[in-house]
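Asks: Let me give you the structure first, and then I'll get to my questions.
Read-outs: derived from the displayed coordinates by stated rules, not from any lab. This is a predicted model, so every value here is computed, not measured. Backbone-built Cβ (ideal geometry, glycine too); neighbour counts: all protein chains shown.
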Amino acid sequence: MPNDSLESPTARVPGARRTPIWPAAALSLVFAVAAMLVIFSGTRNGRAASDMINYHEPAVRAFAGQWPWFDFSNYLSATTPGYHVLLATVARWASDDAAALQCAGLMFGVGLIALLAMFVGRRAGAGAGLILTAPTAASLYVFVSGSFLLPDNAGWLGVLLVLVLSLKTRQTWVNLSLAGLTLAALVFTRQIHLWAAAPIWAAAFFNPPGANAGGMTLARRLIAAGVALAFTLPAFAVVGFFFKLWGGLTPPMFKEFHSSGINPAAPAFILAMIGGFGVVFVRWWWPGVRELHRGHRVLLPAVVLAALVLSMVPTTTYDQMAGRWAGVVWDVSRKMPTILGRTSPLLLVLAPLGAVILAGLLHRVSHRGGGASAGVLIVALLAFTAAQAASFQLWQRYNEPFVLMFLALASALASEITARDTNGAGSRGEARDGAVSCAPQWLPMAMAVGFALVTGWKVTHDAPAGIFDVLNPSEQRDMQKENR
């Protein structure tokens, strides 16, 4: 085993059962302590605090007053009410103090970080569990959702649970049924995450329960996918119920602000985020890029060309009225000159880079036996991108946590495949290619430190949150733009 390996042989060899716990415990503890410092300081700065004060805390308190006969017809959140109902129950039966409610909401973020670190650690070793999960834990959008009353982390935890169940090495009907139940709870919390049904279907298709290498016929795959689709029907029923109740996909008071319509810049935007963040994961994606360059030379130029098309055909410049605003990517893009008044040069550079990183990771995951996992990952990414394209507001906070989790999951799976290579599945030369000994393994941790500094600055230096007219869409936009 190379000396510079991130993981111990026990953790890396397929079939090993030991799951390293300390990365999950360490990251979760740091996350929780930092968030509780914000909670008990009474800080109310920035966009997240504004959303808490104006939307989510009033919604929680309204449901607490209605408990258990909740009125879901129109309330102060654009999301489905699962998060608010849970915290309303805390308020009704435990404590309605704001800090107590924030601590209860914090548990979703703690669970998110712990689960991600445990999955990555199991697949790639304890060191990787810490390093690959740290950027997600330090992300501004994950941290403030843990510090204030926001439903985001509850949604991301549900997404991660679905993906973890879908990425099981040996798929079972129990796993798939649990994934379907998780999906139903997820869309009761955030309706846009209905896209997560797709990786469940993909898991059944690419990795049918009980099938061996000789038994994976197309018919068997299709039958398994059909059964998995049946497992996801409760989630569709939940979304259908609220669609009928509201006459749309959001409560009536949010229809104008979250106006219907597609945002075709979403694919380029998501690829650009993969390109911008994925650079520091070079240790994990570079072997796949090198292998593609050697064995499939047409593929890399093809994915670059596709990314260029996605960046140039739709308009990708900053435009608040078109939903392309809020977040550092759009802010930087706004300050740069445009190409023909419709193309952001930042996205034009980062999106092709993201496509190359994605190709390298997925190739490495699919190399020697990881095809099912690669299939689940790409279907998940495509489904998530389609959901974002169908949503008018293309905000960074709606995308960054997923991109960081995706990079961590894919890197862990790519590292697991590398472990198989270096444990004898391939030749000695192939093992040396997979080691990537020249790539610094600590780069994601360095990015996490940078994230933490930005997060700390924003929480302590953003303008104090104010109360505004939630029924006035223009005022909502102004307040969202300030301290986003």
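Asks: Below 8 Å between Cα atoms, with a sequence gap of 6+, how large is the relative contact order for region 169-245 in percent?
Replies: 44
Asks: Can you order the peptides 381-391, 193-203 by their average number of other Cβ atoms within 10 Å per residue, highest first?
Replies: In decreasing order of mean packing, 381-391, 193-203 become 193-203, 381-391.
Asks: Continuing with this model, one more query. Full extension from Phe236 to Met216: what is 0.36 nm times the residue separation minus their Cα-Cα distance, to one decimal in nm?
Replies: Extending this stretch completely gives an extra 4.4 nm.
Asks: Could I have the simple spin-label model distance between Met253 and Arg297, label points 7 Å from Cα toward Cβ, reported in nm to one decimal?
Replies: Reported label-point gap for Met253 and Arg297 is 6.2 nm.
Asks: Quick one: if you stick a label point 7 Å off each Cα along the C-beta vector at Phe70 and Arg290, how many nm between them?
Replies: Using points 7 Å along Cα→Cβ, the separation is 5.2 nm.
Asks: Based on the mean of other Cβ atoms within 10 Å per residue, sort peptides 77-84, 120-127, 35-42 so the most packed one is first.
Replies: Output ranking for 77-84, 120-127, 35-42: 120-127, 77-84, 35-42.
Asks: While we're here: Test of understanding: what is the full-extension gain from Asp319 to Leu29, defined as 0.36 nm times their sequence separation minus their Cα-Cα distance?
Replies: 100.5 nm
Asks: Using only alpha carbon positions, build the gyration tensor of region 261-425, then give the equivalent ellipsoid semi-axes as the square roots of 5 times its eigenvalues, largest first, whole angstrom.
Replies: Result for region 261-425: semi-axes of 30, 16, 13 Å.
Asks: Between Lys335 and Thr172, take the C-beta separation as r, use R0 = 60 Å, and let me know the FRET efficiency to the nearest 0.05.
Replies: After rounding to 0.05, the efficiency reads 0.75.
Asks: Subtract the Cα-Cα distance of Ser41 and Leu443 from 0.36 nm times their separation in residues, and report this length gain in nm to one decimal.
Replies: In short, 141.5 nm is gained.
Asks: Kirkwood hydrodynamic radius (Cα pairs, Å) of region 169-245?
Replies: One decimal place: 12.7 Å for the Kirkwood radius.
Asks: Now, a different point. How big is the Cα convex hull of the chain in projection, averaged over all directions, in nm²?
Replies: 22.4
Asks: When you take every Cα atom in region 22-150, what is the radius of gyration, and what is Dmax, the widest Cα pair distance, in Å?
Replies: Just the Cα atoms of region 22-150 yield Rg and Dmax of 15.9, 48 Å.
Asks: Excluding same-chain pairs closer than 8 in sequence, count the lysine pairs in the chain whose Cα atoms lie under 19 Å apart.
Replies: Counting lysine pairs in the chain gives 4.
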